[in-house]
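S.K.: Let me begin by handing over the structure; questions about it come next.
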Amino acid sequence: MREEERFTEYVQNYNPEDSQIRLKIIHTWKVVSAADQIAENLNLSEEEKKLAHLGALFHDIGRFEQVRRFHTFMDAKSVDHAALGAEILAQEDFLNELSNQEKEMVIQAVSVHNKLSIPDMDTGFQRVLDQILRDADKVDIFRVSAKEDPMDTTGAPLSALKTQTITPAVYEALVEGRSVDRSSRITNLDFWMSFLGFIPDLNFPVSCRIVLEQGFWREQLDRMVNEQLVEDEMTREQIQTLLDLSAKCLEEKAALAG
């Protein structure tokens, strides 16, 4: 596929020795794989599958320039990587083989993949495309959080969590099954806990099934409890409560997968 070759050419402009660049290249292909799985499960047309594939391929295209300019994945400290990605896609020739309407749909899905929720104006297949990208991204973010260096992903080592607690607004959102608004996060532990907010936001049962099968979603949080990486006993109990609620939610949603 020409678009895949174009993506590979583009990322060669960035330092392959930079661990954050390497992380995002691997992440991109993992998200593509997850999006393909989800699209196949949904029995989409070949044209729709292609748009899901391309949306996943370019969903984080803004990350590379973000890292080059700011050396961080933290949008609040740099730039909205999804908005930057949409801007790059509109300017570059990545999607030139698509019709104007198809190109606009992919760009829109990229622009909203990191937002708290999908805009009400996105309906029909646009909404489905948004949902596929968001789910596929979350599926692999769980792997990234479990396997990549926390310094690259959160900007702080796990040792920084030792004396931290969960901000009440973050805990409340997760108990109520809501995604965590970035503005509510205060501590680094809040950042880790906010990953659990991805679970109620997963749109398709197949996405939940993949998350459960991979098992990455709870790996680091289990360590925080079992290895007492977080010192405060009440906070560890809160983490365990949220893990139990999240597991129940995942299992119930995954059971609906065909």
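The values are calculated or read from the model by the stated rules, or taken from the named source; none is laboratory data. Please read all numbers here as calculations on a predicted model, not as lab measurements. Cβ atoms come from the backbone with ideal geometry, glycine included; neighbour counts cover every protein chain shown.
S.K.: Out of the residues in the range 190-229 that are among the small types (Gly, Ala, Ser) and more than 18 Å from ILE38 (Cα to Cα), which is surrounded by the fewest Cβ atoms within 10 Å (Cβ to Cβ)?
M.R.: Out of the qualifying residues, it is SER194.
S.K.: Within the bounds of the range 207-229, is there any residue that is in a loop (DSSP other than H, G, I, E, B), outside the structural domain of LEU133 (by TED's automatic domain parsing), more than 18 Å from the chain's Cα centre (by Cα) and of a type outside the set (D, E, K, R)?
M.R.: Looking through the range 207-229, at least one residue is in a loop (DSSP other than H, G, I, E, B), outside the structural domain of LEU133 (by TED's automatic domain parsing), more than 18 Å from the chain's Cα centre (by Cα) and of a type outside the set (D, E, K, R).
S.K.: Only one of these is closer than 27 Å to GLU219 by Cβ and in contact with a His (Cβ under 9 Å, 6 or more places away or on another chain): ASP140, ASP130. Name it.
M.R.: Just a single option satisfies the conditions, and that option is ASP140.
S.K.: Scan the range 80-94 and tell me whether some residue there is under 26 Å from PRO200 (Cβ atoms) and not small (Gly, Ala, Ser).
M.R.: yes
S.K.: Considering the range 166-179 alone, what residues qualify as being of a type in the set (A, V, I, L, M, F, W, C) and within 18 Å of GLN240 (Cβ to Cβ)?
M.R.: Passing the criteria: ILE166, VAL170, ALA173, LEU174, VAL175.
S.K.: With the condition kept exactly as written, say whether any residue in the range 147-157 is crowded, with 18+ Cβ neighbours inside 10 Å and among the hydrophobic types (A, V, I, L, M, F, W, C).
M.R.: Within the range 147-157 (the criterion being crowded, with 18+ Cβ neighbours inside 10 Å and among the hydrophobic types (A, V, I, L, M, F, W, C)), the answer is no, since none of the residues qualifies.
S.K.: So, in the range 140-190, how many residues would count as being of a type in the set (Gly, Ala, Ser) and farther than 21 Å from GLU231 by Cα?
M.R.: Residues flagged as of a type in the set (Gly, Ala, Ser) and farther than 21 Å from GLU231 by Cα within the range 140-190 amount to 5.
S.K.: Please go through the range 230-258 and pick out each residue that is of a type in the set (Gly, Ala, Ser), surrounded by fewer than 21 Cβ atoms within 10 Å (Cβ to Cβ) and assigned to a helix (DSSP H, G or I).
M.R.: ALA247, ALA254
S.K.: In addition: For the subset of the range 85-128 comprising residues that are within 23 Å of ARG2 (Cα to Cα) and in contact with a Ser or Thr (Cβ under 8 Å, 6 or more places away or on another chain), which member is surrounded by the fewest Cβ atoms within 10 Å (Cβ to Cβ)?
M.R.: Checked the range 85-128; the qualifying residue surrounded by the fewest Cβ atoms within 10 Å (Cβ to Cβ) is ALA86.
S.K.: Being aliphatic (A, V, I, L, M), at pLDDT below 95 and within 21 Å of the chain's Cα centre (by Cα) narrows it down to one of ALA173, ALA257, ALA247, so name that one.
M.R.: Only one candidate qualifies: ALA257.
S.K.: Which ones in the range 158-169 are surrounded by fewer than 16 Cβ atoms within 10 Å (Cβ to Cβ) and either at pLDDT below 95 or assigned to a helix (DSSP H, G or I) (or both)?
M.R.: The answer is SER159, PRO168, ALA169.
S.K.: I would also like to ask the following. Could you please give the count of residues in the range 106-155 that are modelled with pLDDT of 95 or more, in a helix (DSSP H, G or I) and polar (S, T, N, Q)?
M.R.: So the answer is 5.
S.K.: Another question about this same structure. Look through PHE58, PHE73 and report the one residue that is in contact with a Phe, Trp or Tyr (Cβ under 7 Å, 6 or more places away or on another chain) and either aliphatic (A, V, I, L, M) or crowded, with 19+ Cβ neighbours inside 10 Å (or both).
M.R.: The unique qualifying residue is PHE58.
S.K.: For the range 50-100, what are the residues that are part of a loop (DSSP other than H, G, I, E, B), among the aliphatic types (A, V, I, L, M) and closer than 18 Å to ARG22 by Cα?
M.R.: MET74
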